[in-house]
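The values are calculated or read from the model by the stated rules, or taken from the named source; none is laboratory data. Computed from a predicted model, the values in this text were never measured in an experiment. Note that each Cβ is placed from the backbone with ideal geometry, even for glycine, and that neighbours are counted across all protein chains shown. To get the accessible areas, we keep the full protein, side chains included, count just its heavy atoms, and leave off ligands, DNA and RNA. Shrake-Rupley method; radii C 1.70, N 1.55, O 1.52, S 1.80 Å.
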Amino acid sequence: MKHNAIARVASSLSFSLPPLTPTLTTLCSKHTLSRGLNFTQRGYDYTCSYKRLFSTNASTKATTTTTANEGSFLPSKRASNLLSISASDILPINEYIKIREQQILPLRRTIKSTHQVNVGPNATFTFLNYDMLWMQIHEMLFIEKGGEEQIPGELEAYNPLIPQGNDFVGTLMFEVGDPVKRLAFLKKLGHVEEKVYLSFSNHRILAISANNDIERTTPDGKTSAVHFLRFPLDELQVKEFSVLKETQPVLLGIEHKEYPHITKLSHDLVKSLQSSLTTVKTK
């Protein structure tokens, strides 16, 4: 992804963050929906669009990827290719508006509650999939009202984040409410994106950048507040992950010396990730 595309995605995928603090709410009143942000310099801006785009009830729970409240609409069920989103997959905005409140927003909350995990007190990791990115593209079109001319730019920004059937892709975000403390915190986490791993069975997979052309740590050692990461799986790992049982843990960890934290993925999330491997491979 190009730098401006990455910044656009970062500002919009902030739905993985917890509710804004009063301090951030004040800041966001000045910077709401700022686009093309440099996250290594303006660490709080990524939370601003979250307030507008993704204010949801964080207590929403889900036991499966979809529920009866979402109706029968699921973007991936109507897609001919789950490896990318094309212009033909985009609904006319008037059609999207008709289903947004009753189907899209409940679906997004449900998927978010399953795919988002906390890693320690200040980090959130959100595993992305086709449905989440399809909805995000439509939300951008709904809010910015750029019409058909806006579509190519959104596809360019979000398509690189769609899992390809032999990997998992997600966003790692760090959030500290106080700007001064945030700056000090991020300066301690240089190259943290190189210290993120996923482990299961006898496998340990280090994350790699999903946007290799962009350096996420500044020369003075300050990391970005948001990282786009990919966990590539080889053929054996795909096979073994696909048949994991509930009793077999999947762990997501950060082994940076300044932020050593680990979390266990829920069984519902593991099932969803398994489905992304098997479903994409059979489409």
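For this structure, a couple of remarks:
- Of the candidates ILE143, ILE151, ILE137, the single residue that is among the aliphatic types (A, V, I, L, M) and closer than 13 Å to SER84 by Cβ is ILE137.
- Test: residue in the stretch 208-224 that is assigned to a strand (DSSP E or B), within 15 Å of LEU128 (Cα to Cα), open to solvent by 20 Å² or more (accessible area, probe 1.4 Å) and touching a helix residue (DSSP H, G or I) at 6+ places or on another chain (Cβ under 8 Å): yes
- Among (1) at pLDDT 95 or above; (2) open to solvent by 10 Å² or more (accessible area, probe 1.4 Å) - the single one LEU229 does not satisfy: (2)
- The stretch 112-156: number of residues that are of a type in the set (A, V, I, L, M), over 17 Å from the mean Cα position of the chain (by Cα) and within 26 Å of PHE231 (Cβ to Cβ): 0
- Considering residues of the stretch 239-254 that are part of a loop (DSSP other than H, G, I, E, B) and among the hydrophobic types (A, V, I, L, M, F, W, C) only, the residue most open to solvent (accessible area, probe 1.4 Å): VAL243
- Residue within the stretch 133-143 that is in contact (Cβ under 8 Å) with a residue 24 or more places away in the chain, assigned to a helix (DSSP H, G or I) and acidic (Asp, Glu) present: yes
- Note on the stretch 176-193: among residues that are among the charged types (D, E, K, R) and more than 17 Å from PHE127 (Cα to Cα), the one that is nearest to the chain's Cα centre (by Cα) is ARG182.
- Among the residues of the stretch 174-207, just one is within 30 Å of LYS245 (Cβ to Cβ) and part of a helix (DSSP H, G or I), namely LYS195.
- The residues on offer are LEU277, LEU252, and the sole one that is at pLDDT below 95 and closer than 28 Å to TYR158 by Cβ is LEU277.
- The conditions of being under 19 Å from ILE262 (Cα atoms), touching a helix residue (DSSP H, G or I) at 6+ places or on another chain (Cβ under 7 Å), in contact (Cβ under 8 Å) with a residue 40 or more places away in the chain and of a type in the set (S, T, N, Q) are met by GLN116.
- The selection criterion, being open to solvent by 10 Å² or more (accessible area, probe 1.4 Å) and either at negative phi or not β-branched (Val, Ile, Thr) (or both), holds for GLU101.
- Restricting attention to the stretch 157-173, the residues being open to solvent by 10 Å² or more (accessible area, probe 1.4 Å) and part of a loop (DSSP other than H, G, I, E, B) number 3.
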